[in-house]
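**Student:** I am attaching a structure below and will ask some questions about it afterwards.
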Ligand code: NDP
């Protein structure tokens, strides 16, 4: 089976030359193991961090080894109790066609509840990030005005919709195209949205939230965070989920320049990792899967077909080519 390797550590923006698609032997499962044929795998902004050598909360990708990431697939051989050929599983060995792994590192998932790809997004790590980040880290309360950046992306689209479902008085989102902005207001139920590329964020945010905001869910950092600090109300809360505007820069950021607002307004700013909030998984899954079933929460996916397009899909996420979750699908045969 084929697998993507990282072959060089990118400086600034990654390019296709930093990766290679290579043939890998497919190992038969040993005791306690399963062999999975991957059907889809996830490409995510956090993977950019793993391409650098610096120590972080996940170890760097090793050079000239298959890359990793969330994937869903079908069990084709099993030496593990509780797993049989034909079962669908979620696991961490993406970026490849076949994966041999310890069954303890895989979770059986049901396609009765939702299509398989939903476990890479809404019903998986993405949905939990939005749920825990908004409800726990940002201490969301009914009646809050919420601003979320990256709002037409995977996490952001869920944040805005969950805020509305939980009784936000106003939800504002930003995204990088007029088409995405329309999706936010016309399909996701945002009260206001703007294209951050068409005018300064500070100006547009002030117009969209004239009475200020209680919560900022940050996916972007930089000038978005600066604009949010300006319009946050006293005792406002900021959940820092990510800062994608900084992932490929080689110079230190020039914003936010207004950190004294934190003191003046007694703001609380807290970064978080979804892995710290696994204890909310049950509650999250119950509530969010019910919203999906009832149609109260919708989601988009951008599917890129073929493992050979995996790197292009990843680069596409960094450039905003996705609406909702970016997924690489591996057709049969
Ligand atoms: P998305 O689906 O949101 O894809 C990334 C989006 O970011 C792109 O579609 C693009 O949309 C936008 N973007 C890219 N560059 C910029 C820029 N310079 N300024 C503003 N927007 C930009 O990805 P995810 O939902 O997977 O991730 C969203 C954020 O959440 C990321 O920061 C990620 O690192 C973080 N994250 C953090 C987790 C945690 O545990 N803390 C877990 C999962 C994700 P556009 O067209 O609008 O520019």
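The values are calculated or read from the model by the stated rules, or taken from the named source; none is laboratory data. Since this is a predicted model, take the numbers as computed values, not measurements. Neighbour counts are summed over all protein chains in view; Cβ atoms, including those assigned to glycine, are modelled from backbone coordinates with ideal geometry.
**Student:** Restricting attention to the range 209-228, which residues are surrounded by fewer than 22 Cβ atoms within 10 Å (Cβ to Cβ) and either over 21 Å from the mean Cα position of the chain (by Cα) or away from the ligand (no atom under 13 Å from the Cβ) (or both)?
**Tutor:** 210, 211, 212, 226
**Student:** Looking at residue 258, is it more than 11 Å from the ligand (Cβ to nearest atom) and closer than 24 Å to residue 138 by Cβ?
**Tutor:** So residue 258 fits the description; yes.
**Student:** Which pairs do you get when a residue that is over 19 Å from residue 196 (Cα atoms), found in the range 228-250, comes within reach of a residue that is assigned to a strand (DSSP E or B) and more than 16 Å from the ligand (Cβ to nearest atom), reach meaning Cβ atoms under 6 angstrom, with the pair 6+ apart or on two chains?
**Tutor:** 233/214; 236/214; 237/268
**Student:** Now, a different point. Working carefully through the options 273, 297, 246, 315, find the one that is more than 27 Å from residue 230 (Cα to Cα) and within 13 Å of the ligand (Cβ to nearest atom).
**Tutor:** 315
**Student:** Take residue 117 and decide whether it is outside the structural domain of residue 268 (by TED's automatic domain parsing) and within 16 Å of the ligand (Cβ to nearest atom). Steps first, answer last, please.
**Tutor:** Values: outside the structural domain of residue 268 (by TED's automatic domain parsing): yes; within 16 Å of the ligand (Cβ to nearest atom): yes.
Yes; evaluated as a whole, the condition is true for this residue.
**Student:** Which condition number in (1) on the phi > 0 side of the Ramachandran plot; (2) within 16 Å of the ligand (Cβ to nearest atom) is the one that residue 304 fails?
**Tutor:** Just one mismatch for residue 304, condition (1).
**Student:** Mind checking which residues of the range 165-182 are surrounded by fewer than 22 Cβ atoms within 10 Å (Cβ to Cβ) and more than 9 Å from the ligand (Cβ to nearest atom)?
**Tutor:** Passing the criteria: 165, 166, 167, 169, 170, 178, 179, 182.
**Student:** Only helices (runs of 4 or more DSSP H) wholly contained in the range 138-238 count here; list those with 1 or more residues that are under 18 Å from residue 126 (Cβ atoms).
**Tutor:** 154-165, 178-186
**Student:** Given the criteria part of a strand (DSSP E or B) and over 25 Å from residue 21 (Cβ atoms), does residue 325 qualify? So that I can check it myself, show each step before the final result.
**Tutor:** Numbers: part of a strand (DSSP E or B): yes; over 25 Å from residue 21 (Cβ atoms): no.
Judged against the criteria, residue 325 is not a match.
**Student:** If I filter the range 322-333 for residues that are within 16 Å of the ligand (Cβ to nearest atom), in contact (Cβ under 8 Å) with a residue 60 or more places away in the chain, touching a strand residue (DSSP E or B) at 6+ places or on another chain (Cβ under 6 Å) and within 17 Å of residue 13 (Cα to Cα), do I get at least one hit?
**Tutor:** No: zero hits.
**Student:** Do you know which residues across the range 130-152 are closer than 23 Å to residue 206 by Cβ and within 8 Å of the ligand (Cβ to nearest atom)? Quick ask: steps written out before the conclusion?
**Tutor:** Step one: of the range 130-152, the residues closer than 23 Å to residue 206 by Cβ are 134, 138, 140-141, 143-152.
Within the range 130-152, 149, 150, 151, 152 meet the criteria.
**Student:** Out of 76, 72, 109, report the one residue that is closer than 17 Å to residue 310 by Cβ, modelled with pLDDT of 95 or more and surrounded by 14 or more Cβ atoms within 10 Å (Cβ to Cβ). Don't jump to the end; show me each part of the working.
**Tutor:** On the way: 76 fails: closer than 17 Å to residue 310 by Cβ; 109 fails: closer than 17 Å to residue 310 by Cβ.
Going through 76, 72, 109 in turn, the sole match is 72.
**Student:** I've got another one for you. Give the residue that is farthest from residue 94 (Cα to Cα), with candidates limited to residues of the range 28-59 that are under 21 Å from the mean Cα position of the chain (by Cα) and away from the ligand (no atom under 16 Å from the Cβ).
**Tutor:** So the residue we want is 55.
**Student:** Against the condition surrounded by 22 or more Cβ atoms within 10 Å (Cβ to Cβ), at pLDDT 95 or above and more than 28 Å from residue 213 (Cα to Cα), how does residue 94 come out, does it pass?
**Tutor:** yes
Here is a yes/no grid of residues against (1) surrounded by 15 or more Cβ atoms within 10 Å (Cβ to Cβ); (2) in the same structural domain as residue 220 (by TED's automatic domain parsing):
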residue	(1), (2)
239	yes, yes
257	no, yes
260	no, yes
269	yes, yes
280	yes, no
